[in-house]
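The values are calculated or read from the model by the stated rules, or taken from the named source; none is laboratory data. This structure is a prediction, so every number in the text was calculated from the model and none was measured. Backbone-built Cβ (ideal geometry, glycine too); neighbour counts: all protein chains shown.
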Ligand code: HEC
């Protein structure tokens, strides 16, 4: 009997560790996806200034950076990462198929922009990518003040 109890205690302790670990992982991924999103926004603003002719520079470099990092968007929103310091709406998980569709669409638009970045289609492809960001934020991110 004594042995059984101590086993239960050990097991309980282990489970507590595992769930605390999982929680920490979720906090890390929330921070991570925010940083990745901020990086997207930085490259979008920089590329936008170039394709709109406000500054000289390589839209292609920013487009390549976007294409390389706008990869597994939906993967940055695993189940359980819906609490705490996040502006993601519950719809990210409750309307998952549509969320994933919008993520894939944005990924495809980033690739298309990278292909077009050096040429005459750059501004149009940039705009399409930018719209794909907004299309997702509208349904899946808390309104920004
Ligand atoms: C498939 C949906 C989706 C797409 C596509 C998407 N985002 Fe987001 N984005 C989100 C969600 C959801 C959040 C909220 C994340 C959080 O707070 O956990 C977010 C957050 C952000 C943030 C705020 C980060 C912070 O510090 O809180 C920025 C900036 C951003 N996105 C920029 C972009 C840009 C630029 C693009 C397009 C290149 C883009 N996003 C594409 C869903 C998306």
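Restricting the stretch 105-145 to residues that are out of contact with any strand residue (DSSP E or B) (no Cβ under 9 Å at 6 or more places or on another chain) and more than 30 Å from residue 55 (Cα to Cα), which is surrounded by the most Cβ atoms within 10 Å (Cβ to Cβ)?
Initially, the stretch 105-145 is screened for residues out of contact with any strand residue (DSSP E or B) (no Cβ under 9 Å at 6 or more places or on another chain), giving 105-139, 143-145.
Within this subset, residues satisfying the condition of being more than 30 Å from residue 55 (Cα to Cα) are 139, 143.
Values: 139: 13, 143: 8.
Of everything passing the filter in the stretch 105-145, 139 is surrounded by the most Cβ atoms within 10 Å (Cβ to Cβ).
Please work out if residue 82 is surrounded by fewer than 19 Cβ atoms within 10 Å (Cβ to Cβ), free of Cβ contacts under 8 Å to residues at least 12 places away in the same chain and either within 11 Å of the ligand (Cβ to nearest atom) or within 18 Å of residue 34 (Cβ to Cβ) (or both). Yes. Checked against (1) in contact with a helix residue (DSSP H, G or I) (Cβ under 6 Å, 6 or more places away or on another chain); (2) more than 8 Å from the ligand (Cβ to nearest atom); (3) in contact (Cβ under 8 Å) with a residue 60 or more places away in the chain, residue 52 passes all but a single condition, namely (1). Look at residue 73 and say whether it is free of Cβ contacts under 8 Å to residues at least 12 places away in the same chain, near the ligand (Cβ under 10 Å from one of its atoms) and surrounded by 13 or more Cβ atoms within 10 Å (Cβ to Cβ). No: the conditions fail for residue 73. Residue selection: residue 34 fails the criterion of being at pLDDT 95 or above, within 12 Å of the ligand (Cβ to nearest atom) and over 14 Å from the mean Cα position of the chain (by Cα). In this entry, residue 131 passes the filter for residues that are within 18 Å of residue 43 (Cα to Cα) and free of Cβ contacts under 8 Å to residues at least 24 places away in the same chain.
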